[in-house]
Amino acid sequence: MALKRNKVLAAAQRHVQKGQLDRAAKEYLRFLEEAEEADARIWLKVAELYAQMEQTSAAVEAYETVAGQYLAEGNSLRAVSIFKRVIELDPERADAHRQLAELYASMGRTADAVVHLRALHGSHAGAGRAGPALMALQRLCEITPEDPETQIELARALAQSGARTDARR
């Protein structure tokens, strides 16, 4: 089995050297299908190949797989770098902003968390998703309780949504 896996990896590398990125991605995916457990390094190669081929959707999905593996391993710093790459490819990717905000908040990097919560709020509000936009504002208020402007912004948003009882808090 290991010999076959090594052949698949070697074939993928040859395709990369020849500039046949689509074939290389297929070989790496074949390797992943045969692997007993997920391999973040190979998924990362797949994501990078898709990004080079300007297949943004596929690249983002592969990067998110990598980030999920890093989170499962408890490697927050690597997950942060991958989510940042996702946002480079797709700045409106709400889930990546949410994940980054939570990771930064857990690391005590409040200013960075605020940036991503603001982006998350803007993305949801711009798309007319009032519920998720409110949730982003509520989370923003949780991590910056000393910011009266954000508290007022949340109260206004709650009032506009019809949640007047919550807005008075």
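Remarks
- Those residues of the stretch 33-66 which are at pLDDT below 90 and either in a helix (DSSP H, G or I) or open to solvent by 50 Å² or more (accessible area, probe 1.4 Å) (or both), in sequence order: E33, E34, E36, E37, A38
- Q99 fulfils the conditions (1) open to solvent by 30 Å² or more (accessible area, probe 1.4 Å); (2) farther than 30 Å from E153 by Cβ; (3) in contact (Cβ under 8 Å) with a residue 12 or more places away in the chain except for a single criterion, (2).
- Filter result for S123 (within 19 Å of the chain's Cα centre (by Cα), among the hydroxyl-bearing types (S, T, Y), on the phi < 0 side of the Ramachandran plot and open to solvent by less than 30 Å² (accessible area, probe 1.4 Å)): yes
- Checking the stretch 104-117 against the condition returns a match, with at least one residue being in contact with a Lys or Arg (Cβ under 7 Å, 6 or more places away or on another chain), touching a residue at least 12 places away in the same chain (Cβ under 8 Å) and surrounded by 16 or more Cβ atoms within 10 Å (Cβ to Cβ).
- One residue alone among A25, A101, A51 is small (G, A, S), within 16 Å of the chain's Cα centre (by Cα) and over 30 Å from G131 (Cα atoms), and that residue is A51.
- Residue in the stretch 82-96 that is surrounded by the most Cβ atoms within 10 Å (Cβ to Cβ), counting only those that are over 17 Å from Y50 (Cβ atoms) and not charged (D, E, K, R): A94
- Residue selected from the stretch 1-29 under the condition assigned to a helix (DSSP H, G or I) and either open to solvent by 100 Å² or more (accessible area, probe 1.4 Å) or in contact with a strand residue (DSSP E or B) (Cβ under 8 Å, 6 or more places away or on another chain) (or both), by the criterion nearest to V66 (Cα to Cα): K26
The values are calculated or read from the model by the stated rules, or taken from the named source; none is laboratory data. All of these numbers come straight from a predicted model, not from anything done at the bench. Because the Cβ atoms are built from the backbone with ideal geometry, glycine has one as well, and the counts that use them run over all protein chains shown. In case anyone asks, the SASA skips ligands and DNA or RNA and just uses the protein heavy atoms, side chains included. Shrake-Rupley method; radii C 1.70, N 1.55, O 1.52, S 1.80 Å.
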